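Working notes, structure below.
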Amino acid sequence: MNVFEVLRFAVRGLTANKLRSTLTTLGITIGVASVILLVAVGNGASAAIAASIQGLGTDVVNVSPSRGGGQGSEARPLTVQDAHALVDPVGAPDVKAASPVVNTSATATYGQTSYDISSVAGTEPAYFTTTNRQIADGALFTTEDVTQARKVVVLGPTTAQALFGTAEPVGKNVLLNSIQFTVVGVLQAKGSAGLQNADDVAIAPISAVQNSLAGYGNLSQIAVQATSADSVSLAQAEITAILNARHGIRLGGPPDYQIQNSEQLLATRTSATQTFTVLLGAVAAISLLVGGIGVTNIMLVTVTERIREIGIRKAIGAPRSAILGQFLAEATMLSLFGGFLGVVIGVVGSQFSFAGITPVVVPSSIVLAFAVSALIGLFFGSFPANRASRLRPIDALRHE
C-alpha cells in the first residue's frame, strides 16, 4: 500500500465522523491561537514600552529616591533645591536642565463630570522640553506661574476628553480634589505604554501642587536633560558628584537616590516584559498539551470502534505498517488542520488591540506553533496507532 492509499483511507476515516473530528481539532486550534495571540500581546507591550521610553529622548536622565538606600537615619529626600543645584555650568557642564517632579493623583470635576486622574505632576516649565511633551492647544505654564504658585494646569488629551468632551478646555476652571485650577493648555497625544496611559495626566506648577494637593513632602523624581545623547554618561557622573556632596554620601557608601537613563530604563522594562511574554507562551502551551491528550483519547475511541475493520484489512493482507500509517496520518491531519485554523484565528485576532496594546505578530511563533501541532499529532497519535497495528486479525474479527 503506497502513501496515497494510506492518506485516502485516513481521509475516509476522518470524514466518517465529521463532528468527532471537528471537536478533536478544537483543542489544537485553541492552543495554537493562544500561543500566537499571547506572544503577540507580549511583544506588543514591549514595543509600546520601548516607544514610550524612546519618546522621552535619549538624553534624559531620571533621578528618584532609592528604596531602602542611604545610610540609615542620614538618608535624605530629594528636594527642589537638589534639582536646581544640578543646573551648574561649572559643576555640571553636561546638564542642560533639571526639573523637580511631585506626582500625586486627584479627582477632577467640571460641571457634573468627575474623572479620576491617575497622574497629577507638579513640576517646572523645563519638564516639558526634557520629556518631549508638545502643546496642542493653548499654552504651557511659565516660570512666573511657578514663582507665584498660580493654580493653572496643562491637561493630557485623554483627561481633557474625559472632562470636556468636544468642548474647548482652555480657559475653563476645573476642580482638582475640590481646589480650583484653570486649564491653560492641552498636550499633544503621546499614546499608551500598555501599563500607563501617558495622555491621562495633568501637569501643574510644582508650587501649586505642593500647596494644594501633595504637600511639601519628598520629590517623586528629578527629570534631568543632558546637553546631548553622547554626554549622558558624563551628566550622570556630575549628578552623582553633586548629590553625594549635598546628601553627605561618603565615598563608596550607598546613595539614597538612584539614577537611570532611558536606555537603562528600556533594558529593565524590556527584560521584565520578555519574562512576562515567556510566561504567557508557557500558559498557552499547556492548552496545546491538553489538545494533544484530546487527540489521544479520540483516536483510542476510534480504534475501538474500528477493530472489526482493522481485522478484516489485516485478514486480507494489509501489513502492520499500513494500519500504523493510516492512524498516524489521521491523528496528524487532525492536528495540522487544527493548527491551520489556530494560525488563522491567531493572526486575525492580533489585528485588534487589547487593553491599549496593539499585538505584534512574531513569524517565528506562527512557525513554531504550527510545527508543534504537527508533532503533537505524531506523538499523541502514535500510541493508539501502534495499538491498532498490533491487533491480531482473529481477535479483531471476534470483537463485538
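Check V152, V170, V101 and return the single one that is more than 27 Å from S228 (Cα to Cα), β-branched (V, I, T) and crowded, with 18+ Cβ neighbours inside 10 Å.
V152
Considering only residues of the range 121-146 that are charged (D, E, K, R) and surrounded by 16 or more Cβ atoms within 10 Å (Cβ to Cβ), which is farthest from S178 (Cα to Cα)? Steps first, answer last, please.
The first filter runs over the range 121-146 and keeps only residues charged (D, E, K, R), leaving 124, 133, 137, 144-145.
When the remaining residues are screened for being surrounded by 16 or more Cβ atoms within 10 Å (Cβ to Cβ), the result is 124, 133, 137, 145.
Numbers: E124: 23, R133: 27, D137: 25, D145: 20 Å.
Of everything passing the filter in the range 121-146, R133 is farthest from S178 (Cα to Cα).
Could you list, in sequence order, all residues of the range 222-246 that are under 15 Å from H84 (Cβ atoms) and not hydrophobic (A, V, I, L, M, F, W, C)?
Those that are under 15 Å from H84 (Cβ atoms) and not hydrophobic (A, V, I, L, M, F, W, C): Q225, E238, R246.
Criterion first (of a type in the set (K, R), open to solvent by 50 Å² or more (accessible area, probe 1.4 Å), under 30 Å from G377 (Cβ atoms) and at pLDDT below 80) does R67 satisfy it?
No; evaluated as a whole, the condition is false for this residue.
Would you pick out the residues in the range 210-231 that are in contact with a strand residue (DSSP E or B) (Cβ under 7 Å, 6 or more places away or on another chain), farther than 24 Å from Q258 by Cα and either crowded, with 24+ Cβ neighbours inside 10 Å or not small (G, A, S) (or both)?
If the condition is that a residue be in contact with a strand residue (DSSP E or B) (Cβ under 7 Å, 6 or more places away or on another chain), farther than 24 Å from Q258 by Cα and either crowded, with 24+ Cβ neighbours inside 10 Å or not small (G, A, S) (or both), then L213 is the only one that fits.
Residue under question is K190, and the condition is that it be under 24 Å from the mean Cα position of the chain (by Cα) and touching a residue at least 24 places away in the same chain (Cβ under 8 Å); does it hold?
When the stated conditions are applied, K190 passes them.
Conditions first: (1) crowded, with 17+ Cβ neighbours inside 10 Å; (2) under 20 Å from V102 (Cβ atoms). A162 passes all but one, so which condition is the exception?
Condition not satisfied by A162: (2).
Looking for something exposed (fewer than 14 other Cβ atoms within 10 Å of the Cβ), of a type outside the set (D, E) and at pLDDT below 75 - is there at least one such residue anywhere in the range 353-374?
Scanning the range 353-374 turns up at least one residue that is exposed (fewer than 14 other Cβ atoms within 10 Å of the Cβ), of a type outside the set (D, E) and at pLDDT below 75.
Mind telling me which of the residues S118, S73, S46 ends up being at pLDDT below 90, in a helix (DSSP H, G or I) and either open to solvent by 60 Å² or more (accessible area, probe 1.4 Å) or under 30 Å from P254 (Cβ atoms) (or both)?
S73
Of (1) of a type in the set (S, T, Y); (2) within 25 Å of T131 (Cβ to Cβ); (3) open to solvent by less than 20 Å² (accessible area, probe 1.4 Å); (4) modelled with pLDDT under 80, T302 satisfies all except one. Which?
Result: T302 fails condition (2) only.
The values are calculated or read from the model by the stated rules, or taken from the named source; none is laboratory data. Just so you know, these numbers come straight off a predicted model, no measurement behind them. Cβ: placed from backbone, ideal geometry, glycine included. Neighbour counts: every protein chain shown. We work out accessible area using only protein heavy atoms, side chains counted, and drop any ligands, DNA or RNA first. Shrake-Rupley method; radii C 1.70, N 1.55, O 1.52, S 1.80 Å.
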